[in-house]
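K.L.:
Before I ask anything, let me first share the structure, which is written out below as structure tokens.
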Amino acid sequence: MRSEVYNIDCMEFMKDLPDKYFSIGIADPPYGLDKKSTQGSGKLKNRTLNKHDMTWDVRPGQEFFDELRRVCQHVIIWGGNYFNLGPCRCFVCWDKQQVWPNFSQCEFAWTDFDMPAKHVTISNRGGLIDSVNWHPTSKPVELYRYLLKVFGAGDRGGDI
Ligand SMILES: C[S@@+](CC[C@H](N)C(=O)[O-])C[C@H]1O[C@@H](n2cnc3c(N)ncnc32)[C@H](O)[C@@H]1O
């Protein structure tokens with residue numbers, strides 16, 4: 001399997017792509033939580049999000065979602081509950097096994113698949129513990145392995 005990594009504004013990257021170029025686009029755009037993601041005192045003062053520069057956390061406009069859906073045959077969009085994406089049958093609920101009650105217990109992904117909704121339990125510890133020098137909202141590799149298995153190939157007849 002070939003992988004390519006681009007360090008580029010995604011709008012710049014997508015603008016020259018033909019329609020339906022990718023079979024699936026999995027996007028994890030900024031949720032635009034602003035102060036809600038960097039609040040807290042006492043123990044919360046040291047939470048991962050408080051130690052990071054969060055200036056990137058600017059919610060994308062409708063043009064991002066339009067362009068993403070233009071270049072992808074199917075999309076999976078994390079944080080779908082923060083955006084106006086319309087009804088969806090097959091949402092994904094990721095149970096993060098978060099033990100702190102004042103942190104999100106799960107994350108919601110909006111998809112355009114016509115399949116039953118999904119629930120998956122995968123610990124986010126790998127992504128957040130000792131991650132001061134990492135990305136503050138990193139998602140576990142295992143979660144993406146799951147998405148590609150369920151939506152990419154596994155249940156639909158191919159290899160991951
Ligand atoms: C919620 S985080 C994604 C975290 C990622 N899923 C991971 O596991 O590390 C959103 C990311 O989108 C990036 N971003 C924001 N606007 C962007 C744009 N126009 N083009 C490309 N990336 C952008 C931010 O810098 C941030 O790293």
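The values are calculated or read from the model by the stated rules, or taken from the named source; none is laboratory data. This is a predicted model, so every value here is computed, not measured. In this analysis, Cβ positions are derived from the backbone assuming ideal geometry, glycine residues included, and neighbour counts consider all displayed protein chains. What goes into the accessible areas is simple: the full protein's heavy atoms, side chains included, and nothing from ligands, DNA or RNA. Shrake-Rupley method; radii C 1.70, N 1.55, O 1.52, S 1.80 Å.
K.L.:
Each residue of segment 8-18 in turn: what ³J(HN,Hα) in whole Hz from Karplus with 6.51, -1.76, 1.60 and θ = phi - 60°, glycine and Pro shown as x?
P.N.:
Result, rounded to whole Hz: 7, 4, 5, 5, 5, 5, 6, 4, 9, 7, x.
K.L.:
Taking H as built 1.01 Å from N, whose amide H comes closer than 5 Å to the amide H of Tyr21, not counting residues under 5 places away?
P.N.:
When sequence neighbours closer than 5 places are left aside, the close amide H contacts are Cys72.
K.L.:
A further question on this structure: Could you rank Arg2, Arg69 by how accessible they are, 1.4 Å probe, largest area first? Intermediate results must be reported in sequence, preceding the final value.
P.N.:
Details: Arg2 200, Arg69 95 Å².
I get Arg2, Arg69, largest accessible area first.
K.L.:
Here is a further query. Return the FRET efficiency for the residue pair Asn81, Lys20: r is the Cβ-Cβ distance, R0 is 30 Å, and the value is rounded to the nearest 0.05. List each step's numbers first, then the result.
P.N.:
Numbers: r = 26 Å, r/R0 = 0.87.
Between Asn81 and Lys20 the formula returns 0.70.
K.L.:
Related question: Excluding Asp16 itself, what net charge comes from residues whose Cβ is under 14 Å from its Cβ, given Lys and Arg +1 and Asp and Glu -1?
P.N.:
Working: positive: Lys15, Arg70; negative: Asp9, Glu12, Asp19, Glu67.
Overall, the nearby charge balance is -2.
K.L.:
Also: Within the set Lys15/Lys139; Lys96/Lys139; Lys20/Lys118; Lys20/Lys96; Lys96/Lys118, which residue pairs have Cα atoms separated by over 21 Å? Kindly include the intermediate steps, with their values, before the conclusion.
P.N.:
On the way: Lys15/Lys139 26 Å; Lys96/Lys139 10 Å; Lys20/Lys118 24 Å; Lys20/Lys96 31 Å; Lys96/Lys118 14 Å.
Listed pairs above 21 Å: Lys15/Lys139; Lys20/Lys118; Lys20/Lys96.
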